[in-house]
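*Asks:* Here it is, the structure, as structure tokens.
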Amino acid sequence: MIADLLIQGVQMALVLLLAPLLTGFTRKAKARLLMRRGPPLLQPYRDLWRLLRKEAVLADNASWLFRVIPYLVFAATWVAAALIPTFATGLTFSWTADLIAIVALLGSARFFLALAAMDIGTSFGGIGASREMMIATLAEPAMLLTVFTLALVAGSTQLSTVAAFMSSGTVGLRVSLGMAMVALIMVAIAENARIPVDNPATHLELTMVHEAMVLEYSGRHLAMIELAAMLKLLLYMSLIACVFTPWSLAPTGSGVRAYLAGGVLYVGKLAVGGFLLVLFETSIAKMRVFRVPDFLGAALMLSLLGALLLFVSRSL
Amino acid sequence: MSTLDDLLRGGRPASHHAPWPRVTVDRAAWDAAIEQLAGGHLTLLGLWPDAATVHMALLDEPAQAVGVISLACDGGRYPSVARLHPPALRLERALRDLSGLIPDGLPDTRPWLDHGQWGPNPEPPDYAFLPCEGEGLHQVAVGPVHAGIIEPGHFRFTVNGETVVRLEQRLGYTHKGTEALMAGADLATGARLAGRVSGDSTVAYALAFARAVEAALGVIAPPRAVFLRALMAEWERLANHLGDIGAVCNDASFVLMQAHCAILRERMLRVAADAFGHRLMRDRIVPGGVTADLDAAAGQAMRELVADIRRRFPALVELYENTASLQDRTVTAGMLGPELARQYGAGGYVGRASGRPFDSRRALAYPPYDRLAFDVPVFPEGDVNARVWVRIREVEQSLALVEEIVDRLPRGTLRADLPQPGEPREGMALVEGFRGDVLVWLRLGADGRIARCSLRDPSWFQWPLLEAAIKGNIVADFPLCNKSFNCSYSGHDL
């Protein structure tokens, strides 16, 4: 029991500590791909530290919601990230919340962020919130359908069970799982405001989605939101790694060496995932805002097809 | 007999105005000119005040002729050109702000460059944006301070969801009072001021100013200077076009293209710094000639860089062409019809991407372009993609021009002496910058100082077209369209 709690504690600290590093790594890798030197790997930590010490500037008409929401968003995202087996299965919290809870946590974080964006009443906040919601209306069902596909295959929406089942060797290659994976990756790209859906590095106010929503934030509030965004990227990457490459996860009650190996391999997976992400990003332009529904519609159809195939035949 | 000839024959010619004629006309002829403009028979090149007179530069495109007509303002008023010919609207609003002359019948009397910051009253007056009413419409205000490091300008969008119903620009934030500073300045100061109107076009402005002075004084620059000027002008065009091609792609979040283009542009600037002593070649062109020579080593460095760009550029063009996601953004975005481009006399890539083949290097060829072979690429589509393609083709043309100029560079002196005018003399010049045709008109006093100088940036006729091009597009596509126009704030605000 104490060991389980310890593992859970390590997991929570690990995701929090690794999230800025992953963002730093993607920025660095992207810069190298573009023949630039790029910021140091640890720059996101410094940025967060800088923001935390800075004065938070609030608009005159900001309500209490505007001040509270950064912490809410951060907390919800952190909890969601803590629920995903990264280096070990059998997390204590994992038994209390499943994939659907993760989707719900992320959904409520998004809801509150959109609310905060509209709280001040600037036009950019409104534009960002409306675009974010347009994306969410398609991304969330696609995500849920992917969850259902996984649940149908593994017989549970509980991530540790799914991971254990996927690594058991009885799964084999399945069309529906392939479709679910592609759908999940597409959702992850949209949810993390990456190219081609959004550009995390843009300075063009009119094209922003996520950035437009948080344009009015500063200081510690901005730090919370930035950290939440970094956590979200880590979360999606861990989720994809946990479900589709679960082989290195240490099962409950393994030795220290298994846990260490799991941790090292987890970092390796993140690095590979981050590199593939920036490779994809540098090879593609951002799509027109109204093309995003087509993109996410494809994700939705893929996940739907994946789930339907399972009803047709349990072995597909 | 061309339309312009008829107009010019009816007026009283100015004594010393070169290279094109200027005549003082009466109201009837002024009105006739406005009708010819409105009818599309003439193109407006510029409109500027000069004490109690207004001058209007006109282009007769079929005849490839230029002329200036002047009207004395009775009681500080004159018949507005914009009343019938909208391209003059902003010029007249600015003219009203800067000179106090009143254009009678001006459809829009709001100040333009004057933001209420100059007079005794420090409070800027409220600026009434044009009303735009309808169900579900709301406004998005952007600028003048932007999230990126760019020049200031305010954009007021009226949108329905994501669709732009109307864009209204407000400019004038970078007004520097250049024309007021010019009045009374000596020629050296004037050349420096001209080179600082718009930083990215400093060569084009300095060249236009120098040519206008030389026209007024009847001086001809030495052949080596003429070729060196063209070399700098083409180098500037190349560097800016390469930067723009990358920047347009960057605004579609295709950073790879920008990374490559920015490297090429930077290498060009470094070679320019080595060759002429300044990255942007500022203050290298002066009335009478040039101040920097090109030695053999620098010429070789230029040749090598051009050869290297020739090797690398086709791969970039291919990358642009074969990236479907990028094509999806640029093709059909920000359409500008050929009628508007012609009506506004849009120069540069804006005009040439909308089927207007005007290039002052060709239509009003000035040396050494009359002796150089080059094509003027024209595309009819009028979208962002076409504006990128005009730049791509112009890069290829300019690379060839640079090679030819370096090869044929004549020997000789760099500067001609400038005589004292002895009497007031006037000159003008139209020079093709990377953005389009820069117009400079000036009058020198008997003492050789500048009495009046007017500098007209190509952006005057391109900014309004951006408003038209964005209509019906989505808000998120504005940065892309804006970058494909890449109008100058500084050159426009003066």
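The values are calculated or read from the model by the stated rules, or taken from the named source; none is laboratory data. These figures come from a predicted structure and were not determined experimentally. Note that we place each Cβ from the backbone using ideal geometry, even for glycine, and neighbour counts take in every protein chain shown.
*Asks:* If we scan the range A:300-316, do we find a residue that is closer than 19 Å to A:GLY178 by Cα and within 14 Å of chain B (Cβ to nearest Cβ)?
*Replies:* The initial filter retains those residues of the range A:300-316 that are closer than 19 Å to A:GLY178 by Cα, namely A:300-316.
Pick out the ones that are also within 14 Å of chain B (Cβ to nearest Cβ) and you get none.
Taking every residue of the range A:300-316 in turn, none turns out to be closer than 19 Å to A:GLY178 by Cα and within 14 Å of chain B (Cβ to nearest Cβ).
*Asks:* Oh, and also: Among residues belonging to the range A:259-293 that are among the charged types (D, E, K, R) and within 11 Å of another protein chain (Cβ to nearest Cβ), point out the one that is farthest from B:MET257 (Cα to Cα).
*Replies:* It comes out as A:ARG291.
*Asks:* Further question: Out of contact with any helix residue (DSSP H, G or I) (no Cβ under 9 Å at 6 or more places or on another chain) and modelled with pLDDT under 95: is that true of B:ALA296 in this structure?
*Replies:* yes
*Asks:* Moving to a separate point now. Looking at the structure I just gave you, is B:VAL203 within 19 Å of the chain's Cα centre (by Cα), farther than 26 Å from B:GLU92 by Cα and more than 14 Å from every other protein chain (Cβ to nearest Cβ)? Steps first, answer last, please.
*Replies:* On the way: within 19 Å of the chain's Cα centre (by Cα): yes; farther than 26 Å from B:GLU92 by Cα: yes; more than 14 Å from every other protein chain (Cβ to nearest Cβ): yes.
For B:VAL203, the condition - within 19 Å of the chain's Cα centre (by Cα), farther than 26 Å from B:GLU92 by Cα and more than 14 Å from every other protein chain (Cβ to nearest Cβ) - is met.
*Asks:* While we're looking at this one, here's another question. Working only within the range A:100-123, note down all residues that are polar (S, T, N, Q) and buried (at least 17 other Cβ atoms within 10 Å of the Cβ).
*Replies:* Listed by number, the residues that qualify are A:THR122, A:SER123.
*Asks:* Suppose the filter is part of a helix (DSSP H, G or I) and surrounded by fewer than 18 Cβ atoms within 10 Å (Cβ to Cβ); does B:LEU181 pass it? I'd like the intermediate steps shown before the answer.
*Replies:* Values: part of a helix (DSSP H, G or I): yes; surrounded by fewer than 18 Cβ atoms within 10 Å (Cβ to Cβ): yes.
Spelling it out, B:LEU181 is indeed part of a helix (DSSP H, G or I) and surrounded by fewer than 18 Cβ atoms within 10 Å (Cβ to Cβ).
*Asks:* Okay, next question. Could you list all residues from the range B:146-161 that are closer than 17 Å to B:GLU467 by Cα, in contact (Cβ under 8 Å) with a residue 60 or more places away in the chain and buried (at least 18 other Cβ atoms within 10 Å of the Cβ)?
*Replies:* Of everything in the range B:146-161, those that are closer than 17 Å to B:GLU467 by Cα, in contact (Cβ under 8 Å) with a residue 60 or more places away in the chain and buried (at least 18 other Cβ atoms within 10 Å of the Cβ) turn out to be B:GLY153, B:PHE155, B:PHE157, B:VAL159.
*Asks:* Here's a follow-up. With closer than 21 Å to B:GLN64 by Cβ, of a type in the set (A, V, I, L, M) and away from every other protein chain (no Cβ under 14 Å) as the only criterion, which of B:LEU409, B:LEU364, B:LEU399 stands out?
*Replies:* Going through B:LEU409, B:LEU364, B:LEU399 in turn, just one is closer than 21 Å to B:GLN64 by Cβ, of a type in the set (A, V, I, L, M) and away from every other protein chain (no Cβ under 14 Å): B:LEU364.
*Asks:* Hey, another quick one. Starting from the range B:253-274, take each residue that is closer than 13 Å to B:VAL395 by Cβ and list its partners that are surrounded by fewer than 21 Cβ atoms within 10 Å (Cβ to Cβ) and acidic (Asp, Glu), counting only C-beta distances under 9 angstrom and pairs at least six apart or across chains.
*Replies:* Qualifying pairs under 9 Å: B:LEU264/B:ASP308.
*Asks:* Continuing with the same structure: Checking the conditions here, which among A:VAL289, A:VAL256, A:VAL278 is at pLDDT below 90 and crowded, with 20+ Cβ neighbours inside 10 Å?
*Replies:* Answer to the check: A:VAL289.
Here is a yes/no grid of residues against (1) free of Cβ contacts under 8 Å to residues at least 24 places away in the same chain; (2) surrounded by 20 or more Cβ atoms within 10 Å (Cβ to Cβ); (3) away from chain A (no Cβ under 14 Å):
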position: B:ARG415; (1), (2), (3): no, no, yes
position: B:LEU418; (1), (2), (3): no, no, yes
position: B:ASP437; (1), (2), (3): no, yes, yes
position: B:VAL440; (1), (2), (3): no, yes, yes
position: B:SER454; (1), (2), (3): no, yes, yes
position: B:TRP460; (1), (2), (3): no, yes, yes
position: B:TRP463; (1), (2), (3): no, yes, yes
position: B:ILE474; (1), (2), (3): no, no, no
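*Asks:* Read through the list (1) away from every other protein chain (no Cβ under 12 Å); (2) hydrophobic (A, V, I, L, M, F, W, C); (3) in contact with a Leu (Cβ under 9 Å, 6 or more places away or on another chain), then give the number of the only condition that B:VAL255 fails.
*Replies:* Answer for B:VAL255: the failing condition is (1).
*Asks:* When you check A:LEU91 against the structure, is it in contact (Cβ under 8 Å) with a residue 40 or more places away in the chain and not in a helix (DSSP H, G or I), yes or no?
*Replies:* It is true that A:LEU91 is in contact (Cβ under 8 Å) with a residue 40 or more places away in the chain and not in a helix (DSSP H, G or I).
*Asks:* How many residues, within the range B:322-344, are within 12 Å of chain A (Cβ to nearest Cβ), part of a helix (DSSP H, G or I) and touching a residue at least 12 places away in the same chain (Cβ under 8 Å)?
*Replies:* So the count comes out to 5.
*Asks:* Somewhere in the range B:392-412, is a residue in contact with a Gly (Cβ under 7 Å, 6 or more places away or on another chain), buried (at least 20 other Cβ atoms within 10 Å of the Cβ) and in the same structural domain as B:LEU242 (by TED's automatic domain parsing)?
*Replies:* Within the range B:392-412, not a single residue is in contact with a Gly (Cβ under 7 Å, 6 or more places away or on another chain), buried (at least 20 other Cβ atoms within 10 Å of the Cβ) and in the same structural domain as B:LEU242 (by TED's automatic domain parsing).
*Asks:* Here is a check on your reading of the model: is B:ALA215 more than 30 Å from B:ILE392 (Cβ to Cβ), surrounded by 23 or more Cβ atoms within 10 Å (Cβ to Cβ) and more than 14 Å from chain A (Cβ to nearest Cβ)?
*Replies:* Spelling it out, B:ALA215 is indeed more than 30 Å from B:ILE392 (Cβ to Cβ), surrounded by 23 or more Cβ atoms within 10 Å (Cβ to Cβ) and more than 14 Å from chain A (Cβ to nearest Cβ).
*Asks:* If the requirement is being without any contact (Cβ under 8 Å) to a residue 40 or more places away in the chain, not assigned by TED's automatic domain parsing to the domain that holds B:SER360 and not aromatic (Phe, Trp, Tyr), which of these qualifies: B:GLY119, B:GLY67, B:GLY46?
*Replies:* Exactly one residue qualifies, and that residue is B:GLY119.
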